[in-house]
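Taken together, the values in this text are just the output of simple stated rules run on the coordinates, not laboratory data. Predicted model only: the values in this text are computed from it and were never measured. Cβ coordinates were reconstructed from backbone atoms using ideal geometry, including for glycine residues, and neighbour counts include every protein chain displayed.
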Amino acid sequence: MRELFDRLQQVPEYKKACEILKAEEDRTWKEHQELVLIPAFSRFEEKRALHYQEMLEAEGFKTCRDAVNNVYYTFKGTDPNAPTVYMTAHIDTVFPMDTPLAITEKDGVYYCPGIGDDTASLAQVFGIMRAIRDSGLKFKGDLIIGGNVGEEGLGDLYGMKHFFFKDHPTGIDGFITVDGNGDHVTYGGTGSYRYEVTFRGPGGHSNGDFGMPNPIFAMGRAIAKYSEFDVPNSPKTTFSIGVVDGGTSVNSIAISCRMLVDMRSNGKAELDAVDAQFHRIIAEAVAEENGRWARDKEKYSDKFTMEGAVPLCDRVVEVEIKKVGDRPVANQGFDATIVQAAKSAYESMGLEPQFSPAGSVDANIPISIGIPGLAVGCGGKAGGAHSAGEWFIPDNISAGQAKLVLLLMGLLGVEGVSDPLLPKRG
């Protein structure tokens with residue numbers, strides 16, 4: 001396979017594509033800066049998606065923007081029996097819509113929330129599209145390429161779920177998400193379940209209504225139990241509570257409170273085991289909170305002597321568990337054709353790819369349903385992802401783009417040069 005990529009680097013159209021990418025680095029960086037100033041919190045990406053579509057169409061790419069705001073264009077291949085590959089970068093970021101967005105620069109490093117993850121890839125994918133077109137490069141298979149929504153946080157991969165389960169339930173033979181920078185290659189998916197858990201009670205005065213079961217106490221009991229979970233190191237399995245809120249005032253028994261719960265694993269059985277244990281301890285915590293006050297019913301029922309009155313301790317805490325995230329575990333072997341193609345393409349260019357067997361990325365969806373997939377980095381240097389100090393250095397952007405064009409050539413085949421490495425699925 002390495003010999004194939006060595007040969008593909010000599011294809012005149014590829015050499016021309018590389019020249020175009022290099023010549024347009026400044027343009028790609030300018031478009032990158034334009035995009036990062038458009039807020040795109042996950043599930044609120046429409047404004048940036050529309051802008052991205054307008055950028056592509058102004059360049060002559062007649063795009064599709066689907067019902068959830070995925071934006072993409074299709075390069076038609078020359079062989080109807082060749083595979084179809086979908087390459088995309090995610091449009092959304094982790095930053096709420098009211099996050100101040102301004103680019104600052106110090107010593108050649110540019111700072112702005114979202115400037116790396118994944119705005120850099122979004123701009124660079126656009127540059128790849130121009131280079132493919134203007135170089136005259138012709139793939140044998142179809143290439144669907146653009147940007148997608150819903151990768152971050154509670155977006156729950158809704159862009160990929162829509163693409164693969166509604167608009168393209170068949171016909172996709174390979175998938176690449178361009179996410180981050182550098183030479184990393186992730187070839188599997190960490191599964192996760194996420195829950196919003198709301199505890200509710202009648203509420204009351206902290207002194208006058210003392211003896212009332214307290215939703216915050218119930219949540220505290222649940223958190224304490226959750227924090228003691230014992231999980232395996234292999235497959236890697238984790239758990240966390242990322243948000244807690246609720247209550248009215250310091251001198252009130254809360255009417256409600258809630259927490260956002262995260263659990264992850266690279267193994268489906270292990271993820272389901274944590275999930276089952278989580279549901280069990282929530283029920284236990286509520287029962288313990290209600291039972292604690294019921295045991296002292298007479299002590300806290302003195303003022304309820306009127307006929308028909310209900311003692312405070314008979315008013316109970318209740319809980320609602322709402323699943324807000326479900327990312328499937330996705331396993332794919334290192335020996336998979338798409339993984340070995342990435343290895344050979346990168347090594348052919350003198351790069352040393354860093355492989356990871358799992359991550360929580362858009363590729364979770366296709367890999368989980370049997371479609372070969374990868375998450376890869378692109379050009380430039382970046383760091384501080386998901387923080388207010390996120391940064392990017394526009395250094396040698398075109399090299400990151402060039403390796404992805406080469407990988408696409410191997411996977412899809414090149415007219416008059418090579419056959420596709422990827423098989424066309426049934």
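Compared with the dominant principal axis of the Cα atoms in the chain, helix 268-294 is inclined by about 20°.
Just how many % of Cα pairs in the chain lie over 30 Å apart, if you round to the nearest whole percent?
On the way: 44757 of 90525 pairs.
Value for the chain: 49 percent of Cα pairs lie more than 30 Å apart.
Relative to the longest principal axis of the Cα atoms of the chain, helix 215-226 runs at roughly 50 degrees. Taking amide H as placed 1.01 Å from N in the peptide plane, the amide H of residue 380 sits under 5 Å from that of 395, 397, 400, each at least 5 places away or on another chain.
Report the net charge of residues surrounding residue 87, where surrounding means a beta-carbon distance below 12 angstrom and charges are Lys +1, Arg +1, Asp -1, Glu -1. Here the count lands on -3. 3J(HN,Hα) couplings calculated from phi for segment 208-214 with the Karplus curve 6.51 cos²θ - 1.76 cosθ + 1.60 (θ = phi - 60°) are, in sequence order, x, 10, 4, x, 7, x, 10 Hz; Gly and Pro show x.
Here's the list of lysines a cross-link from residue 225 could span, going by alpha-carbon distance under 20 Å and ignoring same-chain residues fewer than 8 apart: 322, 323. For segment 168-238, which trypsin sites (Lys or Arg not before Pro) are in a loop by DSSP, counting at most 14 other Cβ atoms within 10 Å? The qualifying sites: there are none. Applying the Karplus relation 6.51 cos²θ - 1.76 cosθ + 1.60 with θ = phi - 60° to segment 108-114 yields 3J(HN,Hα) values of x, 9, 9, 10, 4, x, x Hz, where x marks Gly and Pro. When the chain is treated as a Gaussian network with alpha carbon springs shorter than 10 Å, the biggest mean-square fluctuation among 208, 188, 389 belongs to 208.
The Kirkwood radius of segment 191-326, taken over pairs of alpha-carbon atoms, gives through the Stokes-Einstein law at 25 °C and 0.890 mPa s a diffusion coefficient of 153 µm² s⁻¹. Amide H contacts for residue 359 (H built 1.01 Å from N in the peptide plane; partners 5 or more residues away or on another chain; cut-off under 5 Å): 188, 189, 190.
Report, in listed order, any pair from 106/138; 106/236; 166/381; 166/424 with a Cα-Cα distance greater than 30 Å.
Working: 106/138 41 Å; 106/236 38 Å; 166/381 35 Å; 166/424 20 Å.
Table pairs above 30 Å Cα-Cα are 106/138; 106/236; 166/381.
Bridging of residue 62 to aspartates and glutamates at a Cα separation below 16 Å is possible for 54, 134, 142, once same-chain residues fewer than 8 apart are set aside.
Could you compute the FRET efficiency for residue 34 and residue 292, with r as their C-beta to C-beta distance and R0 at 45 Å, rounded to 0.05? Kindly include the intermediate steps, with their values, before the conclusion.
Working: r = 58 Å, r/R0 = 1.28.
Taking R0 as 45 Å, the efficiency between residue 34 and residue 292 is 0.20.
I'd like the orientation of helix 25-36 relative to the chain: the angle between its Cα long axis and the longest Cα principal axis, in ° from 0 to 90, rounded to 10. Helix 25-36 sits roughly 20 degrees off the main axis of the chain.
Could you tell me how far the Cα centroid of segment 1-64 sits from the Cα centroid of segment 229-292, in Å? Distance between centres, Cα-based: 42 Å. Would segment 227-266 count as rounded, prolate or oblate if I go by the C-alpha gyration tensor, calling it rounded below 1.5 in a/c and otherwise prolate when a/b exceeds b/c, oblate otherwise? It comes out prolate by the Cα gyration axes. Residue by residue through segment 368-380, what is 3J(HN,Hα) from phi via Karplus (6.51 cos²θ - 1.76 cosθ + 1.60, θ = phi - 60°)? Round to whole Hz and write x for glycine and proline. Whole-Hz 3J(HN,Hα) from phi for segment 368-380: 5, 10, x, 8, x, x, 9, 10, 10, x, 10, x, x. Using C-alpha pairs below 8 Å separated by at least 6 residues, the relative contact order for the chain is 25 percent.
Dividing the helix sum by the residues of the chain, where each DSSP H run of 4 or more adds -39500 (n - 2.57), gives a mean residue ellipticity at 222 nm of -10000 deg cm²/dmol. Taking Cβ atoms as reference points and 12 Å as the exclusive limit, the residues near residue 359 contribute a net charge of 0, counting Lys and Arg as +1 and Asp and Glu as -1.
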